[in-house]
1. Of the conditions (1) at pLDDT 95 or above; (2) more than 17 Å from Leu243 (Cα to Cα), Arg98 satisfies every one except a single condition; which number is it?
2. Against the condition surrounded by 14 or more Cβ atoms within 10 Å (Cβ to Cβ), closer than 17 Å to Met54 by Cβ and in the same structural domain as Glu252 (by TED's automatic domain parsing), how does Cys159 come out, does it pass?
3. When the stretch 147-169 is examined, which residues are found to be more than 7 Å from the ligand (Cβ to nearest atom) and either assigned to a helix (DSSP H, G or I) or small (Gly, Ala, Ser) (or both)?
4. List, please: which pairs have Cβ atoms under 6 Å, are six or more places apart or on different chains, and start with a residue in the stretch 157-171 that is among the aliphatic types (A, V, I, L, M) and end with one that is assigned to a helix (DSSP H, G or I)?
5. Scan (1) in a loop (DSSP other than H, G, I, E, B); (2) free of Cβ contacts under 8 Å to residues at least 40 places away in the same chain for the single condition Thr235 breaks and write down its number.
6. State all residues of the stretch 111-138 that are away from the ligand (no atom under 16 Å from the Cβ) and either at pLDDT 95 or above or touching a helix residue (DSSP H, G or I) at 6+ places or on another chain (Cβ under 7 Å) (or both); if no residue qualifies, say none.
7. Among (1) within 13 Å of the ligand (Cβ to nearest atom); (2) touching a residue at least 24 places away in the same chain (Cβ under 8 Å); (3) not in a loop (DSSP other than H, G, I, E, B), which single condition is Gly144 missing?
8. So Glu202 clears everything in (1) touching a residue at least 60 places away in the same chain (Cβ under 8 Å); (2) assigned to a helix (DSSP H, G or I); (3) under 17 Å from the mean Cα position of the chain (by Cα) except one condition, right? Which one?
Amino acid sequence: MTTNRRDFLKIAGVSALALMTPSLILPALARENVRLPGQDYTPAKSLTARRWAMAVDGSKCPASCTDCIDACHAVHNVPDFGSPKDEIKWIWREEFPRIFPEENHSYLPQKVRSMRPLVLCNHCTNPPCVRVCPTKATFRREDGIVMMDYHRCIGCRFCMAACPYGARSMNYRDPRPKIKKITPDFPTRVRGVVEKCNFCEERLAKGMLPACVLACKEKALIFGDPEDPQSEIRTFIQNHFTLRRRPTLGTEPQIYYSL
Ligand code: SF4
């Protein structure tokens, strides 16, 4: 009986030690997306890349479709003020000559001229918006996502002036009453704060693709790591002629358009 009790205590002790072993603890924490202080630990479920980018396959993207726009704006609590003056937009459509002014000329085929490709933040490799932000409310992550910290934004709109793509929107009024249905998974913003597409970084952290990519039934949006030679986006970019918006500015935009 004494021996049995001693064996039991030994086993219990070993089990307790094993439970304290980081290799066992960390995956459990990762499941909960918890980061230990000072520890650079990527949760096992998150999607990671050396740099994130997107390709838009125009041949599969009907101009009348708004599935991706609706999905993005729903998951990110984007308000609808119903007027262009106050409009908040993360992803939207615009006429070809406005998006690609360098490609525009008098003899542009009507088919191309009437195109309305999707536009969003280009998550530029050299983002001018980041350079001008006085409070570091906007910053670029190592994986290329240009982020917004809504709490640090003082609404100076320097970033809006610096962005050559009109990718940022200012909340001139309280957006909360104008959100159709608030989703608790993403923070709402307040008056005086600038916002834009974040490449669904909050979803990537949970192992999910961006909402626009999943919502597209035509599979016209390809999201991934172009630095990975095996990735779908790298294959797509290598096999299609693609355009980027105003590349001569040196911003290195990371949205690739195939017409
Ligand atoms: Fe900044 Fe505009 Fe480039 Fe987005 S598109 S990273 S907002 S400069």
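The values are calculated or read from the model by the stated rules, or taken from the named source; none is laboratory data. What you see is a predicted model, and the numbers here were worked out from it, not measured in a lab. Reconstructed Cβ throughout: ideal geometry from the backbone, glycine too, with neighbour counts over all protein chains shown.
1. Evaluating Arg98 over (1) at pLDDT 95 or above; (2) more than 17 Å from Leu243 (Cα to Cα) leaves (2) as the failure.
2. Working: surrounded by 14 or more Cβ atoms within 10 Å (Cβ to Cβ): yes; closer than 17 Å to Met54 by Cβ: no; in the same structural domain as Glu252 (by TED's automatic domain parsing): yes.
Judged against the criteria, Cys159 is not a match.
3. Gly155, Phe158, Met160, Ala161, Gly166, Ser169
4. Pairs that qualify, where the first residue is among the aliphatic types (A, V, I, L, M) and the partner is assigned to a helix (DSSP H, G or I), are Ala162/Pro128; Ala162/Cys129; Ala162/Val132.
5. (1)
6. Result: Val112, Arg113, Met115, Arg116.
7. Condition not satisfied by Gly144: (3).
8. (1)
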